[in-house]
Amino acid sequence: MTVPRVRTAGIVAGLAVAALTLSACGSASDKTSAAGNPAAPGAPAGAKNAASATSVQDFGGMDALIAAAKKEGKLNAIALPRDWANYGALIDAFQAKYGIKVDVENPDGSSQDEINAVTQRKGQDRSPDVVDLGNAFALSAAKQDLLAPYKVAGFDKIPEPQKDAQGRWFNDYGGYISIGCDAARVKECPKTFADLLKPQYKGQVALNGNPTKSGSAFGGVYAAALANGGSYDNIQPGLDFFGKLKKAGNYNPVESTPATVQKGETPISIDWDYLNAGYADEFKSKGVDWQVNIPADGVYAQYYSQAIVKWAPHPAAARLWQEFLYSTEGQNLWLKGYARPALMGAMQEAGTLDAALSAKLPAVPAAGAPVFPAPEQVDQAKKVLTGGWAQAVAG
């Protein structure tokens, strides 16, 4: 997939209340799967090998994990755009802290691209070590037995609905669907889904990708459904809304990216609030007055999930990467990218959350705590979208 910042995702069925205040393959050498490797170098006597360690204590402690990961010296990652939720800073900080090179393949890929790479490269040294997946895809990957059980040090503090009991996946960062708008090009920026149907927005309203493939676009349709009498059991009103938007001439089929935003090709973009807020910062010096509003008539939030590949060629580095992402440093780096970290509530209680960064998050309408769909509701919504999206915006 070549569209920047398009990440395929499902929806999580839960949320930290405090966190949201209210939720391919080319040829490769055939090497033995990491699951068959002996104990990783640096592990103390009697410790499990890195590929079977289910916690840092199980491995033999953080010092042993760090030593083993440094000896591996590399982490294979995939589909991590540097300008997505501050991933660039997270990667740079991890490399600087541990001296481990992070190779990111296909940075603008989707969750399905990640799963394809994992399944097609089993036992190869080019297999991804870790994946960042939309929750529905994390559930699917776990069912396919692609993921290694591992519980980071802060696992118990991740809200129950946001993690697999076995530790095969756990949510990390998330945000709300929002409406971004170039106020220098749009006289009056829309603040709700209802506003988007107004005639002055002809040809201006875009999504970040195709909702049958893109998590943010999928979320945009779900939010539109909530704004138009639908529910998590019924996403059809969301498709109907975009059909009306198309008929009115307001729907812009150009998939929004940082480049299209800067050039003014997508002056109104329905996207995650952390991406839209990032645009506001990124392009302010370039004359783009990008305003961000979370629509009160379609409040919808979602998290992305982290996981370790079962046959990760660098199993110690994979586990150290997860420990870093869920450390205070890592969680605050998500926050710096306007994403709400999974441990936000626990960090607020512990006094380790960066309050200044938290205060900069886009305001959420005072509509109470949003209710999240169950995995089976997401599966049904995806089926409806797959079968009806092209027809909804045809013509």
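Every number here is computed from the coordinates shown, using simple stated rules; none is lab data. The structure presented is a predicted model; accordingly, all values stated were derived computationally and were not measured. Here the Cβ positions follow ideal geometry from the backbone for every residue, glycine too, while neighbour counts run over all protein chains shown.
General remarks:
- Loop sites in segment 190-234: trypsin sites (Lys or Arg not before Pro), DSSP, at most 16 other Cβ within 10 Å: K202
- DSSP-loop trypsin sites (Lys or Arg not before Pro) across segment 281-366, with at most 14 other Cβ within 10 angstrom: K360
- Under the shape rule built on the C-alpha gyration tensor, where the axes satisfy a ≥ b ≥ c, segment 178-324 is oblate, since a/c reaches at least 1.5 while a/b does not exceed b/c.
- Cross-link reach list, lysines versus K122, counting only Cα pairs under 21 Å and skipping chain neighbours closer than eight places: K31, K74, K143, K310
- Inverse of mean 1/r across different Cα pairs in segment 113-211, Kirkwood, Å: 17.1
- Counted by Cβ distance under 12 Å from Q331, the other residues give a net charge of -1, where Lys and Arg count +1 and Asp and Glu count -1.
- Under 5 Å from the amide H of L147 lie the amide H atoms of K310, each residue being 5 or more positions distant or on a separate chain, with H modelled from the backbone and absent for Pro and chain starts.
- Relative to one another, the C-alpha centroids of segment 376-395 and segment 195-217 are positioned 15 Å apart.
- Using the rule -39500 (n - 2.57) for each DSSP H run of four or more residues, divided by the residues of the chain, the 222 nm mean residue ellipticity is -10000 deg cm²/dmol.
- Overall, the ratio between the Cα radius of gyration of segment 154-196 and 2.2 N^0.38 Å, rounded to two decimals, is 2.00.
- Over 32 Å (Cα to Cα) - which of K213/K336; K198/K382; K187/K383 fall in this group: K187/K383
- The alpha-carbon atoms of segment 224-285, seen along their principal axes, cover 41, 25, 13 angstrom, with the largest extent given first.
- Estimated inter-spin distance, K286 and D58, nm [label 7 Å along Cα→Cβ]: 4.5
- With both residues required to sit in segment 176-301, DSSP beta bridges show an antiparallel share near 75%.
- Partner aspartates and glutamates whose Cα lies under 14 Å from the Cα of K71, excluding those fewer than 8 positions away in the same chain, are identified as D63.
- Prolate/oblate/rounded label for the chain (Cα gyration tensor, a/c 1.5): prolate
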